[in-house]
Each structure stands twice: as structure tokens, then as C-alpha cells.
Amino acid sequence: MSHDISSIRLSRVTRRRSFLANKYQLHDVVAVGTQTELAAGYQPIIDRVVALDLATGTGRRAPSTSGVRSFVPLEVARLEHPALAKIYELGSDPKVGAFVVQEHLEGETLQQQVHEQGPLRPSDAIALARSLLEVMGVFHEAGLTHSDLTPSHIVSGRRGTRVRHHPLRELVASGQGPRSCAYNAPEQIMRLPSKAPTDLFRVAAVLHFAITGVPPFEGEDLDAAVLRGHRAAPSAHRPELGADVDAFFERALARDPADRFGTVSEMREALRLLALFSGYARHG
């Protein structure tokens, strides 16, 4: 049976060119990364819905598929984890530029879930963070970083909670700064290399959104807010969270990477203790 994609409104790029590389129909942008965007797509020849990671800015000038491969390490394409979207193809289109075809994740994003239903229960939010840390660990063990985690990249569906990613981000990183984003780590705004603490900062920022309903940093100038490190404690948004939760985020969202959790295991243990001593451990 064919997939029902009739409800997906065609985006501007679709109206300009309905097919990507003569193989993929382009549809709505479903997630925006710091330097790339993820669009819904459809591959008619095998009746498959896919996600298309598209470079923005300088990345659109990628001349060939081999050029894309020079920016997307094979280690990224080979990453495997049940919670991580699979990568199917690396390519380049004369008009749209570089692209990566990856698995379409069905379900509701964390962004949608929180906006429609409100913040998660603390126990559920902590369980989510643990799942995200497991995925980040897959990147870190391969010597890579995700560097782009936001609530719109986290999808909950029949197969559980899964994570989208943007393999093309390195293609445009040297040509332009990242988009302003409430989940950027300070070093990303300063165009410094992303390392494990960068991913852990973003996991903490997503957890803050999940547990309070708002990102940790807000304001008209998001970059300035992140760089200053001025933010309200989680308990200011949700008083029942208490001092232990505030202390966790004080470290997890520290401006200096050296002051944060340094590894996935370190942050995972802090979450375990937080859940245990704050009564947020999940049972059953």
C-alpha cells in the first residue's frame, strides 16, 4: 500500500523543484538544525517515505556526491543504534546542493508533545535524558559529536523515543556561523569545535525544556543570553522541582565546558542520584 503523504504541504523548495536528484520528492521542512534543515521526502520508485538533510548557505554549492562524502565522515553514516535514524544515501543536487537521505521517524516530536500536553513528569523527563545520553554515547565512542540536539529532533512513536541528526552540519560550519538557537552551547556560538561537553550541554538544555516547558535561555538575542549565562532556575518555572534540580542544571549548563559534566557516564550518574534522592526514580 502506498504511503499517504497527501497531507504534507509542499515547501518553497518543492514548488521550485519537485524532485531532488531525480529520485526524491521534497516536502515540508520538519526540523531546523543550527546549519542545516531536515525535510520530509518520498522515494516513489520503492514507495518509501524518507527524511532529507539539506545543507543551507555555503553547503548548497557542494559540486558532487564525492564532495559531500569528504564532509560527511563514513563513521557518521555507519553509526548504528536502535534510537538513531539510519542513513541511506549521501548525494548532491545541482539546484538544491548537498543532501543526506535518512530514515523517516514516525511519531510526535518532543517540541509538539510539550507544547500540546505541557511539561513532562520529572521521572519521565529524566528517563528521556538517559535515553538521549545513550545515543550521545554512540557518537562519542566513534570520536564524533551530534552537536545539533533540539526538541524537534526527538521523536516518540511506536518504536519508542528516537533521535534525528544532521550529518551535513560540518559542510557549512566553516562558511557561516550557526543559526541562533536556544539549545546552542556557548562554544558553538563562538565557533569553537564541538566536543562531548557540547552534546551534554544540549542534552541538559533539552531536559530543561522537557521538565519546565521552556528552554533554559530566552530573549530577543538568544546568542547573548547563552553567552552571558543568565537564566532563571528551573524551580522558578516549576517550584516543586527544588534545589537539587537547580544544582544539577547549574553544572550541566555551565558556560565553561570544563565546569560541566565531562562524559556521558558522569552525567548519567548525576541523573541517577538526582532521581534517587529527589524521589523521581521510575518504578515498573
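Conditions (1) at pLDDT 85 or above; (2) on the phi > 0 side of the Ramachandran plot; (3) outside the structural domain of Thr150 (by TED's automatic domain parsing); (4) within 17 Å of the chain's Cα centre (by Cα), marked per residue:
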residue: Arg17; (1), (2), (3), (4): no, no, yes, no
residue: Ala21; (1), (2), (3), (4): no, yes, yes, no
residue: Ile45; (1), (2), (3), (4): yes, no, yes, no
residue: Ala55; (1), (2), (3), (4): no, no, yes, yes
Would you check if there is a residue in the range 129-140 being surrounded by fewer than 23 Cβ atoms within 10 Å (Cβ to Cβ) and at positive phi? no
Residue hits (the range 228-270; part of a helix (DSSP H, G or I), among the hydrophobic types (A, V, I, L, M, F, W, C) and modelled with pLDDT under 95) are Leu241, Ala243
Qualifying positions in the range 108-130 - hydrophobic (A, V, I, L, M, F, W, C) and either in a helix (DSSP H, G or I) or under 16 Å from the mean Cα position of the chain (by Cα) (or both): Leu110, Val114, Ala125, Ile126, Ala127, Leu128, Ala129
Give the residue, chosen from Gly219, Gly262, that is without any contact (Cβ under 8 Å) to a residue 24 or more places away in the chain and assigned by TED's automatic domain parsing to the domain that holds Pro151. Gly219
Residue list for the range 131-150, restricted to those being small (Gly, Ala, Ser) and either under 18 Å from Glu269 (Cβ atoms) or assigned to a helix (DSSP H, G or I) (or both): Ser131, Gly137
Condition test on Pro257, is it surrounded by 15 or more Cβ atoms within 10 Å (Cβ to Cβ), touching a helix residue (DSSP H, G or I) at 6+ places or on another chain (Cβ under 6 Å) and either closer than 18 Å to Gly279 by Cα or free of Cβ contacts under 8 Å to residues at least 40 places away in the same chain (or both)? no
The one condition Ser92 fails out of (1) under 27 Å from Pro257 (Cβ atoms); (2) surrounded by 20 or more Cβ atoms within 10 Å (Cβ to Cβ) is (1)
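The values are calculated or read from the model by the stated rules, or taken from the named source; none is laboratory data. Everything numeric here is computed off the predicted structure, so don't read it as measured data. No Cβ is skipped: glycine too gets one built from the backbone with ideal geometry, and neighbour counts run over all protein chains shown.
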